[in-house]
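Q: My questions all concern the structure below.
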Amino acid sequence: MRVVRLWGRVPPTPPTGAVAVGEVVLLLGILVLGSAAFLPLFDVAAGALAAAGAGALGLVLGVVCARTRLTALTTLALAAVVHMAVAPWVLPDVGSGWQAVLTVWSSLVTVWRDALTLPLPLSAFRAMTVLPWVTGLAVGTLSTRLVLAGRERLGGLAALLVPVVAITWGGRTVVAPTVLGPGLVALVLVLWAVASLRGRQDRVAAAMGEEDSGLRRASWRSGTQAVALVAAGVALAVVVAPTPPGARVVLRDHLEPPLDLTQYATPLSLVRTLETDLSHESLLTASGLPAEARIRLATLDSYDGVRASIGERTTGEARFQHVGTTTRLSQAEADGAGPVTLTVTGYSYPWVPMVADTVTMQMRGDRATALGENLYNDPASATAVVTAGLEEGDVLDQQAAVVSVPSDTTLRSLSVAQVALGPVSGVPASVAARAAQIVGSQSAPLDQVRALQQALRASYYSDGTRTPSEPGHGAARLASMVRAQTMVGDDEQYSVLMMLMCRSLGIPARVALGFRSETDGNTGVVTGEDVAAWVEIPFEGRGWVPFDVTPDRDQIPQQQSAQKVSNPEPQVLQPPLPRQDPAELPPAYQDDPHQDDQAPPRSLPVSLLVAGGALGAVVLVLVLIALLKSRRRLRRRRSPGLDAVTGAWDEILDRARDLAVAVVPGATRRETAARLGGRFPSADLSRLARAVDAQVFAGGEPSAKVRAALWDSADAVIAAMGAGYSRGRRLLARFSVRSLLRPASRPHRPRRPH
């Protein structure tokens, strides 16, 4: 049975001369124009220049490989060498020297993930220009090889991968879509039109016996008409192109940075530790800090009855994103920002101290690179987290715009802004009742806020050292606090209580935790005694305004002295108190020396990992075997002249070896066909052997049509050779290495006599 192949029997004719030059020039135009799509990703021209330059370099590489008839794998290896030899010296954000070489090598794998998880523009991060560079180099090499091989249609489509990658890895901003889109389509259509005219000219010339007869003149006329038609279509598309949609769905919208806040305890759990255990310890040293500036650690706008936290966005997008050295951390005006330097001394937590409002921040010190790679920021809450944690010696250089607190007269002329905040649940009913009791008949939001503030500040302060005061801000703790005759607590309880009271009245509010350096009068050194929590409320045109709600620390409740009893009751032995389970510390700050010993073994995930690795190695080997055989077959079929004919017979012999059938070395093709005929009765080996011999001994070069027919016959014979075997045996033969270790094309070497 004759097998009909889906691909054309006659291979495409490569372009030559001026036509080849014209097609390469058109391809260069597609690559350069498509590189403009990288402009929004970098907000500077570095990305577009890297893509265009790499595309031109890939085009030159493709021309060289095509003219020297290098294979696909050799071209790929040469492109990798060019990448490593050129990129470290021309890309502006990879460093210099051997560090640049290592950065380029590692970024070749990681840049595809980082470009999707990092916020735009990518120019704020290191080695991000590797993305457009690699894209331009690979696409330029591939598309040039396809065009010079006579496959202009595939080459034009491959060249469009440059803007496709830029759009896929980009954001919602586009660059002149009504010009860029039609321009790319026009260049691709012109390339296809030139290829179509060249193919028609070749066919007509072959039919007319290669006589001119006005063929060149007709081809030029047809080409001019095609170009004019494409130009008219592009002009029409530019004029009537509809306005691009304002919302675009991009790939980065479906990915979240790898930051999970649930692995960190709420920042408010630091209050008791800082204000008691580290009250006199130096945590930070500040330089350039204004006298009334606040250092912020985190802002919390959500509550679940157990703890206050940073709520998630209602749109489902991640709030924290990886930031770079020039990424804007807030929307404050950079013109009014001044330099502030914070040096870490005794602070060792992941929440990054920042002066409100910090516009940009850079890390210095021995761990600057590690900190920069693990820095995440949420502009909405003005909170930054460094997953590696801060240590002594880390330096934070910030550009901060300190905004003064407006007066009540100014605030009364403004309305409270309605902003999206995190959800609030599990709030005791007594909190809302106490808030309504305090505000009474006050209806203006500012008057209600001031009434709540005065009521809380008139209460008592206690951190649990001199007077009893339970820590935490769960629902039970707040309920007991508001039901008491006089409220007692510290910054942790009062700030959360104020936020919940305001939210019960419909006033948006959030809790802010940080340091107020003026607490002890020393603005240059921040100690644990300077820790503070306050409430922020947004006003139109002024942003978030802070309100201090914690009583002064000298407002300590008086201890009630017990009166002496003249006739004391006899002492009765009280029953022992029931045993209580020890309270669990927050996960990020729990310090249990036996915690690792009590953890259950995790042998199952390790076993699965080992098994998955072994399975992946086996699959990789099988894929490599299949690729090597496919490459060998393709090389044989594309060989010139008689090599393609003998290659078809070599493919038959390799198939026999893979099926564990011995092939006698040194035998003629007809002798081999006779010996193999008994093992493969369904395959017409003798007929194929005679056809191959007829071409080998006929003299001259076989035509492309004859070579294609012989290979079609060989494919049919190979399929018939496996007819007598089971499906599993044929599968084993497909991945057998017998023919790779000893291919039929290798000349036989007789053994030396002993």
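Bear in mind these aren't lab numbers, they're just calculated from the coordinates by the rules spelled out. Keep in mind the model is a prediction, meaning the values are calculated, not measured. Ideal geometry is used to build each Cβ from the backbone, glycine not excepted, and the neighbour counts take in all protein chains shown.
Q: For segment 1-153, what are the per-bin percents of Cα-Cα distances with bins 10 Å wide, up to the bin holding the maximum?
A: Per 10 Å bin, starting at 0, the Cα pair percentages come out as 11, 35, 30, 16, 6, 2, 0.
Q: Pull out the extension gain between Leu102 and Asp712, defined as 0.36 nm times the separation in residues minus the alpha carbon to alpha carbon distance; nm, one decimal.
A: Difference between extended and current length: 214.8 nm.
Q: Something else about it: Label points 7 Å out from Cα along the Cβ direction at Val525 and Thr173: separation in nm?
A: So the two model labels end up 4.6 nm from each other.
Q: Just rank Leu91, Leu659, fewest to most, by other beta-carbon atoms within 10 angstrom.
A: Leu659, Leu91
Q: Okay, moving on. For a quick check: with amide H placed at 1.01 Å from N, whose amide H comes under 5 Å from Arg553's, ignoring anything fewer than 5 positions away on the same chain?
A: So Arg553 has HN proximity to no qualifying residue.
Q: On to the next question. Normalised by the empirical 2.2 N^0.38 Å for globular proteins, what value does the Cα Rg of segment 616-741 take?
A: Numbers: Rg = 14.9 Å, N = 126, 2.2 N^0.38 = 13.8 Å.
So segment 616-741 has a normalised radius of gyration of 1.08.
Q: What does the extension gain come out to for Ser726 and Val60, with contour length at 0.36 nm per residue minus their alpha carbon separation?
A: 234.8 nm
Q: Which ³J(HN,Hα) values, rounded to whole Hz and listed in residue order, are derived for segment 360-368 from phi using the Karplus coefficients 6.51, -1.76 and 1.60 in 6.51 cos²θ - 1.76 cosθ + 1.60 with θ = phi - 60°, glycine and proline given as x?
A: My calculation for segment 360-368 gives 9, 8, 10, 9, 10, x, 5, 9, 4 Hz in order.
Q: Related question: Go ahead and collect, in residue order, the members of segment 410-448 whose backbone nitrogen is under 20 Å from a label point 7 Å along the Cα-Cβ direction of Arg483.
A: 425-438
Q: Okay, next question. Calculate, in nm to one decimal, what Arg734 and Ser348 gain on full extension: separation in residues at 0.36 nm each, minus their alpha carbon distance.
A: Working it through step by step, the gained length comes to 133.0 nm.
Q: Take His83, His473 and order them by how many other Cβ atoms sit within 10 Å, fewest up front.
A: On the way: His83 21, His473 27.
The order, fewest Cβ neighbours first, is His83, His473.
Q: Here is a further query. Tell me which residues come under 5 Å, amide H to amide H, from Val355 once H is placed; ignore anything under 5 positions away on its chain.
A: For Val355, the qualifying residues are Arg296.
Q: Also: Taking only C-alpha pairs under 8 Å that are 6+ residues apart, what is the relative contact order of segment 661-735 in percent? Don't skip to the end; give the middle numbers.
A: On the way: 42 pairs, mean separation 23.1, N = 75.
Dividing the mean separation by the residue count of segment 661-735 yields 31 percent.
Q: How large is ³J(HN,Hα) for each residue in segment 291-300, as worked out from phi by the Karplus curve 6.51 cos²θ - 1.76 cosθ + 1.60 (θ = phi - 60°), to whole Hz, x for Gly and Pro?
A: Karplus values, whole Hz, x for Gly and Pro: 4, 9, 6, 10, 9, 9, 9, 6, 10, 10.
Q: Moving on. Between Thr326 and Thr110, what is the label-to-label distance in nm when each label sits 7 Å out along the Cα-to-Cβ direction?
A: 2.1
Q: Next question. When the Debye formula is applied to the Cα atoms of segment 363-436, each taken as the same point scatterer, what base-10 log of I(q)/I(0) results at q = 0.13, 0.19, 0.27 Å⁻¹?
A: For segment 363-436 at q = 0.13, 0.19, 0.27 Å⁻¹, log10 I(q)/I(0) is -0.76, -0.96, -1.27.
Q: Still on this structure: Explain nothing, just compute: Karplus ³J(HN,Hα) = 6.51 cos²θ - 1.76 cosθ + 1.60, θ = phi - 60°, for every residue of segment 704-718 in order, whole Hz, x for Gly and Pro.
A: 3J(HN,Hα) across segment 704-718, in whole Hz: 5, 5, 5, 4, 5, 5, 5, 5, 4, 5, 5, 4, 5, 5, 4.
Q: Now for a separate question. Which residues among segment 448-490 fall inside the zone where the amide N is under 18 Å from a point 7 Å beyond the Cα of Thr276, along Cα→Cβ?
A: 460-474, 477-478, 481, 488-490
Q: Points 7 angstrom from Cα along the Cβ direction at Gln555 and Asp693: gap in nanometres?
A: 11.2
Q: Amide H of Ala265 versus every other amide H placed in the peptide plane: which residues, excluding those fewer than 5 positions away on the same chain, fall under 5 Å?
A: Ala588, Tyr589
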